[in-house]
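*Asks:* Before I ask anything, here is the structure I am working with.
The values are calculated or read from the model by the stated rules, or taken from the named source; none is laboratory data. These numbers come from a predicted model, not from an experiment. Neighbour counts run over all protein chains shown; Cβ positions are idealised from the backbone, glycine included.
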Amino acid sequence: MADDKVLRVEAKKSENFSDWYVQVITRSGFIDYSDVSGCIVFKPHAYGTWQLITEAVDRAFKKDGVENSYFPMLIPEKLLQKEQDHLKGFIPEVAWVTHTGNTELDQKLAIRPTSETIMYSSYSKWIRSWRDLPLRYNQWNSVLRWEFKHPTPFIRSREFLWNEGHSAFATKEEAIAERERIIGIYLDTLQNYLALPGIVGRKSDTEKFAGAVETYSIEHIMPDGWAIQGPDHHFDGQNFSKAFDIKFLDKNEKTEYAWQTTYAITTRMLGIMVATHGDDKGLVIPPKVAYIQIVIVPIYRKDNQELVNKHASKLYEELREKFRTRIDDRSEYSPGFKFNEWELKGVPMRIEIGEKDIAANSVVLVRRDTGEKMQVKVADLSKSVESALERMHADMYKKAKESMASMIHVANNMEEFKKVLNEKGGIITSPWCGDAACELKIKEENGTKITNLPVEHPTVGDRCIYCGKEARLVANFARSY
C-alpha cells in the first residue's frame, strides 16, 4: 500500500484545539463513533488504557479495604423519588425504559445515571448494627446521562465508564476521614500512571453533587484554557440514609442513621490525558497506561528481510515478558509509514533494527514524546528501555505540571479578572465572600463558574472580587467543560 495513504493529524493543537482533538482520537484508532449520539466505541488502545487505569485504582481500593460489588443498571422510578434533592439533580439526564416489546411497564425503569438509589435500598436491609459498619462497596460499570446537546468523546459522553464507591460509616468523623484516603488514591493514579497534575479543592454549594453535603474534586486545565473536573469524593452526611432508612444500633443500643460517602473516577480522564500530552503528530500515551508500550520496527531490503526479521523476533521474545510489546513486520508498508502510524497511536517507545544494527549488536530506541534517539546495546536493552520509559513519564509529568502552573492566574478585582479571562484564560484564583449571589453574577456576566475552592492556592486579597465585602474563601474561577 502506498505511503500517501497514511493518516495524519492536519489540525494544529495550538491553533484549533477542538478539531485537533477529534482528529487525534479518531485517526489514531483510539475511538470510533457509534450510531447512538454521544455513545462511542472504545477501540483496543483506548479500552486497554482504561483497563490499566482501573487495575491501578482497584488495587489501591482493595488495599484500603474497599470491596467490589455489582448492582442492576435498571432503577425503579419509586426509588429515584425517595431522595428529592438527588432526583432534581438528575431528572434532566435520565433515560427511561417504559416498554417491553409492545407492553407498557407498570412502572418506569431508569437506566442508571448513578446508583445511590438502587444500592441504598439494599444497604437499608444489610445494615442493622454498628458491627455491620463500615460498609465500603465499589462497582465498576457504565452510566447513561442524556442532558446535553453537543457531546464530545470522553469529555462529555452520554454513556461513560467509571467506578462508583459507596461507603457507610457509624460516625461522621469516619466518613469525612475517608476523603483524604480516596483523593490520595486518585492523585497517585493521576501522577504516577497518567502523568497528570491536578488541583484539589471543595466545590461550592452551587456546584456540589446533587444530594451531597460536601464535594471535593480534582480539577484540570485543558490546552484551550478551559477547566474540566476529574475524580471527586462526596460527603453525603445522612441525607441518603434518612431517605432510605439506613439505620443501625450503635454500641450504646441507640438507633442512629449511617454517615455516607460516594466517589468516582471516569473515562473522562482518557480525554484529559489525550488533550494534555498529545501533539501535532497524534497521541502521546504515558508508558504505564499504554496498551502497547514498545513497537519493534525491522528495517530491511528484500535480500536481508529474513535476517532482520529473525533478530527483531528475538528482541520481541526478550521484551514481551516485561513490556507490552508489538513487532511490526508488515512487508507492504515502508518503515516511514510505520513510524508515522505508531507515532499517531502514541506508542511510547519505538525500537528500530536494521542490518547495520545487527552487526553492531545494537538497536535504536526512539521516545515518542521528544523524538529522542538512543543507540543501545542489545545486551542492555531491557534495562535501557525501562530507564527510558521512566524518564519519559517523569518528563511528561513535569511538562504537564509546568503547563498547568502557567495557566493559573490571580485577580483581586473584576477589572483584573476580565483582563486575565480575555487575554489568557485558564483558572483565575480570587477572593470570594462565599455568597452564591456573587458566584451567580460572575457566571452570568463572564461565562465562568467556580471550579473548586482550592486546598492550596497563591496569596490573594481580602475583599470579594465581586461585591467588595470581606472575603471568607479563595475560589478558582474558569470557563469549564
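*Asks:* Taking the stated definitions as given, is R112 basic (K, R), surrounded by 17 or more Cβ atoms within 10 Å (Cβ to Cβ) and farther than 26 Å from K247 by Cα?
*Replies:* So R112 does not fit the description; no.
*Asks:* Return yes or no: is E67 of a type in the set (D, E), within 24 Å of Q238 (Cα to Cα), touching a Phe, Trp or Tyr at 6+ places or on another chain (Cβ under 9 Å) and in contact (Cβ under 8 Å) with a residue 12 or more places away in the chain?
*Replies:* In short, yes.
*Asks:* Given the conditions (1) touching a residue at least 60 places away in the same chain (Cβ under 8 Å); (2) under 24 Å from K82 (Cβ atoms), which single one is not true for R145?
*Replies:* That leaves (1) as the condition not met.
*Asks:* Here is a follow-up. Give A11, A56 a once-over and let me know the one that is within 17 Å of the chain's Cα centre (by Cα) and either of a type in the set (A, V, I, L, M) or at pLDDT 95 or above (or both).
*Replies:* Only one candidate qualifies: A56.
*Asks:* Go over the candidates K203, K247 one by one and state the one that is assigned by TED's automatic domain parsing to the domain that holds S28, crowded, with 19+ Cβ neighbours inside 10 Å and in contact (Cβ under 8 Å) with a residue 24 or more places away in the chain.
*Replies:* K203
*Asks:* From the residues in region 47-68 that are small (G, A, S) and surrounded by 12 or more Cβ atoms within 10 Å (Cβ to Cβ), which one is farthest from F30 (Cα to Cα)?
*Replies:* Across region 47-68, the extreme among qualifying residues is A60.
*Asks:* How do the pairs read when you match residues in region 404-421 that are part of a strand (DSSP E or B) with residues anywhere that are among the small types (G, A, S), using Cβ under 8 Å and keeping only pairs 6 or more apart or on different chains?
*Replies:* Pairs that qualify, where the first residue is part of a strand (DSSP E or B) and the partner is among the small types (G, A, S), are I408/G426; H409/G426; V410/S430.
*Asks:* Taking region 468-481 as the region of interest, how many residues are assigned to a loop (DSSP other than H, G, I, E, B) and surrounded by fewer than 15 Cβ atoms within 10 Å (Cβ to Cβ)?
*Replies:* 3
*Asks:* Right, here's the next one. (1) surrounded by fewer than 19 Cβ atoms within 10 Å (Cβ to Cβ); (2) closer than 25 Å to K377 by Cβ; (3) in contact (Cβ under 8 Å) with a residue 12 or more places away in the chain: which one isn't true of I292, the others all being true?
*Replies:* The failed condition is (1).
*Asks:* What is the residue count in region 438-457 for residues that are without any contact (Cβ under 8 Å) to a residue 24 or more places away in the chain and surrounded by fewer than 14 Cβ atoms within 10 Å (Cβ to Cβ)?
*Replies:* Qualifying residue count, region 438-457: 2.
*Asks:* Restricting attention to region 139-185, report how many residues are part of a strand (DSSP E or B) and among the hydroxyl-bearing types (S, T, Y).
*Replies:* 3
*Asks:* Taking region 89-104 as the region of interest, how many residues are over 22 Å from V36 (Cα atoms) and surrounded by 14 or more Cβ atoms within 10 Å (Cβ to Cβ)?
*Replies:* 1
*Asks:* For the condition assigned to a helix (DSSP H, G or I), at pLDDT 95 or above, over 23 Å from P223 (Cα atoms) and among the hydrophobic types (A, V, I, L, M, F, W, C), what is the one hit in F71, F61?
*Replies:* F61
*Asks:* Checking the condition modelled with pLDDT under 95 and basic (K, R), which residue from K419, K449, K424 passes?
*Replies:* Result of the check over K419, K449, K424: K424.
*Asks:* Only one residue in W162, W126, W140 is over 20 Å from the mean Cα position of the chain (by Cα) and either crowded, with 17+ Cβ neighbours inside 10 Å or modelled with pLDDT of 95 or more (or both), so which one is that?
*Replies:* Among W162, W126, W140, only W126 is over 20 Å from the mean Cα position of the chain (by Cα) and either crowded, with 17+ Cβ neighbours inside 10 Å or modelled with pLDDT of 95 or more (or both).
*Asks:* With the requirement that a residue be β-branched (V, I, T) and under 14 Å from N412 (Cβ atoms), what does region 443-479 give you?
*Replies:* Within region 443-479, T459, V460, I465, V474 qualify.
*Asks:* Considering only region 249-300, state which residues are within 18 Å of Y47 (Cβ to Cβ) and among the aliphatic types (A, V, I, L, M).
*Replies:* I265, M269, L270, I272, M273, V274, L283, I285, V289, A290, I292
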